[in-house]
Amino acid sequence: MPLTTLETVTVAPSGLPALLRRLYRTLATVRRIDAGARDLERRGLLTGHRPVAGRDAVQVGAAAALDVTRDLAFPAARDLGVAVTTGADAAFALRSGGARAADGSAVTHAVAWALGAKLDRTGGVALAVLGPGSTPREIDEAMTTAAVSRLPVVFVGAAGGTRVQGMPVTLVDGADVLAIHDATARALDRARRGGGPSVVEPVLPEPGAWPGRDALLVCEQRLRETGTVGDGFFADVADAADVIAGSVLSRIRSTRTAG
């Protein structure tokens, strides 16, 4: 059976405020783009959008833990949060409509890339975000290959019946972006040191509980508790998120009109 643990936040206090500010800004931006994308879909200007509600903390927290100089994220189809966090083209992610690559799913690519990173000794770790675009069989085969070869890859998402014997599984609050970040950072470090693959499995709130367990509000509360920000910070973040979202959504509207 997999070794399953429940993760708690252990980020060093000295770096906590800056990290929380970064996570909050990213979450707020993802939320604003997502809201605009849903509006465009209702108006027939966007197809195949997958709302991030209830999953944004998972995408942002996990992707924010990457060392972008050597790690690489392999998101599930239409994972807007991963795109925004890693600095990828958010408009392209929205327009992709969940298209699946002809040569396999993201989880398959993640394991192949991790094998190359191990052979080349780059110290890089693949982050495979489980979700649409990968079948249960592909996930099971990818996890088995990673476990047998002790590849540097971290799987994030509900593994369910695909859990591989001997692969550690960390359960974490899926509404707490800081907890997701901390759990993923630990898993990445373990893989980087040759410990092999592991799973970070978020425990997500039921859809009806999202208003009371909102990831953005949870992050805001954590940030306010540091005593380093006031209302002005949150107002500035909201304004900046509107500007970024406006630019992304404008590109989608113009592309649709031109097409």
>> Please count how many residues of the stretch 26-40 are open to solvent by 10 Å² or more (accessible area, probe 1.4 Å) and either β-branched (Val, Ile, Thr) or out of contact with any helix residue (DSSP H, G or I) (no Cβ under 7 Å at 6 or more places or on another chain) (or both).
In response: 5
> Are there any pairs with C-beta distances below 8 angstrom linking a residue in the stretch 72-93 that is at positive phi and at pLDDT below 95 to a residue that is surrounded by 18 or more Cβ atoms within 10 Å (Cβ to Cβ) and not hydroxyl-bearing (Ser, Thr, Tyr), with the two at least 6 apart or on different chains, and if so which?
Replying inline: 78/49; 78/50; 78/93; 78/94
>> When you check residue 190 against the structure, is it over 30 Å from residue 44 (Cα atoms), touching a strand residue (DSSP E or B) at 6+ places or on another chain (Cβ under 8 Å) and either open to solvent by 20 Å² or more (accessible area, probe 1.4 Å) or at pLDDT below 90 (or both), yes or no?
In response: yes
> Would you say residue 171 is touching a strand residue (DSSP E or B) at 6+ places or on another chain (Cβ under 9 Å), open to solvent by less than 50 Å² (accessible area, probe 1.4 Å) and either at pLDDT 90 or above or not in a strand (DSSP E or B) (or both)?
Replying inline: yes
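Just wondering, is there one or more residues in the stretch 11-22 that are in a loop (DSSP other than H, G, I, E, B), more than 17 Å from residue 181 (Cβ to Cβ) and at pLDDT below 95?
The first filter runs over the stretch 11-22 and keeps only residues in a loop (DSSP other than H, G, I, E, B), leaving 11-12.
Now narrow it down to the ones that are more than 17 Å from residue 181 (Cβ to Cβ): none.
Within the stretch 11-22, none of the residues are in a loop (DSSP other than H, G, I, E, B), more than 17 Å from residue 181 (Cβ to Cβ) and at pLDDT below 95.
Quickly run through the stretch 47-73 and pick out the residues that are more than 19 Å from residue 35 (Cα to Cα), part of a helix (DSSP H, G or I) and among the aliphatic types (A, V, I, L, M).
Pass one, the stretch 47-73, residues more than 19 Å from residue 35 (Cα to Cα): 61-73.
After this cut, where a residue has to be part of a helix (DSSP H, G or I) as well, the list is 61-64.
The answer is 62, 63, 64.
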> Do any residues in the stretch 115-138 that are buried (at least 21 other Cβ atoms within 10 Å of the Cβ) have Cβ atoms under 6 Å from those of residues that are part of a strand (DSSP E or B) and small (Gly, Ala, Ser), where the two are at least six apart or on different chains, and which pairs are they?
Replying inline: 127/73
> Any residue in the stretch 100-112 that is at pLDDT 95 or above, within 30 Å of residue 35 (Cα to Cα) and assigned to a strand (DSSP E or B)?
Replying inline: no
> Do any residues in the stretch 50-67 that are buried (at least 24 other Cβ atoms within 10 Å of the Cβ) have Cβ atoms under 6 Å from those of residues that are part of a loop (DSSP other than H, G, I, E, B) and among the hydrophobic types (A, V, I, L, M, F, W, C), where the two are at least six apart or on different chains, and which pairs are they?
Replying inline: 57/175
> Do you know which residues across the stretch 193-215 are modelled with pLDDT of 95 or more and surrounded by fewer than 17 Cβ atoms within 10 Å (Cβ to Cβ)?
Replying inline: 193, 194, 195
>> For the stretch 22-60, which positions are among the aliphatic types (A, V, I, L, M) and within 13 Å of the chain's Cα centre (by Cα)?
In response: 23, 27, 30, 52, 53, 57, 58, 60
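Can you tell which of 164, 154 is at pLDDT below 90 and either within 14 Å of the chain's Cα centre (by Cα) or open to solvent by 10 Å² or more (accessible area, probe 1.4 Å) (or both)? Explain how you work it out, then say what you get.
Numbers: 154 fails: at pLDDT below 90.
When all the criteria are applied, what remains is 164.
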> Only one residue in 29, 47 is modelled with pLDDT of 90 or more and among the polar types (S, T, N, Q), so which one is that?
Replying inline: 29
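The values are calculated or read from the model by the stated rules, or taken from the named source; none is laboratory data. These numbers were taken from a predicted model, which means no experiment stands behind them. Cβ: placed from backbone, ideal geometry, glycine included. Neighbour counts: every protein chain shown. Accessible surface areas use protein heavy atoms only, side chains included; no ligands, DNA or RNA. Shrake-Rupley method; radii C 1.70, N 1.55, O 1.52, S 1.80 Å.
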